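Student: What follows is a structure written as structure tokens; I'll ask about it next.
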Amino acid sequence: MLPFFIKLFTNAKPPPDDAELVRLYKETGDLEHLGELFQRHSKLVYLVCQKYLQDPEESKDATMQLFEHVSKALLLHEVSNFKSWLHVTTRNFCLMQLRANKHKGTVPLSDNAPPLMETAEPLHPTDAEEFEQIEQALHAALKELPPQQRECVELFYLQQKSYKEISSLTGCDLNKVKSYIQNGKRNLKIIMEKNHAAR
């Protein structure tokens, strides 16, 4: 009974919602926030994997791989509805797996999920081919960033280094590192949108 009364009479804050966890993860790069977020929807991820891959073990492996994949992809997109975005991302990931393995058989393309593109996400992938194109566009855009911005962005987003680690690796002070990452992320988005519009 005691834990119940402690909870009842303490001003315990409710757990952060998806949008808040997304914001915290994007600001800090702390995988703990992403872990909590991913855990909430891990069942959804597994069920989508199972639907497309049609193998329990492959689906478990894909679910684990998706955590690492999402840790990078989430930082590169403005996500207004994490659950819907995760559904699309999982589906795309499975389609890419099927293509890579030259899986034979039909892939179900219809489901009973709610509309996933109700809010336009910039450069949001809708199929495996487009996803690959965006991956290529990202690497091309990174090359257009100023060297210090590119280095800090790659260390923070792709290698999951902390501000302190990046400062140590680059010799820049923390404020410079934060500035390079913030400006690099903004410039990266501008470059990708410009290149996308030019196609």
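The values are calculated or read from the model by the stated rules, or taken from the named source; none is laboratory data. What you see is a predicted model, and the numbers here were worked out from it, not measured in a lab. Every residue, glycine among them, receives a Cβ derived from its backbone with ideal geometry; neighbour counts consider all protein chains shown. When the accessible area is computed, the model is the full protein with side chains, heavy atoms only, and any ligands, DNA or RNA have been set aside. Shrake-Rupley method; radii C 1.70, N 1.55, O 1.52, S 1.80 Å.
Student: Just to verify a number: what accessible area does GLU58 come out at with the full protein assembly present, 1.4 Å probe, Å² rounded to tens?
Tutor: 80 Å²
Student: Using a 7 Å offset from the Cα along the Cα-to-Cβ direction at both ALA140 and ALA197, what is the distance between the two label points in nm, to one decimal?
Tutor: Result: 1.7 nm between the two label points.
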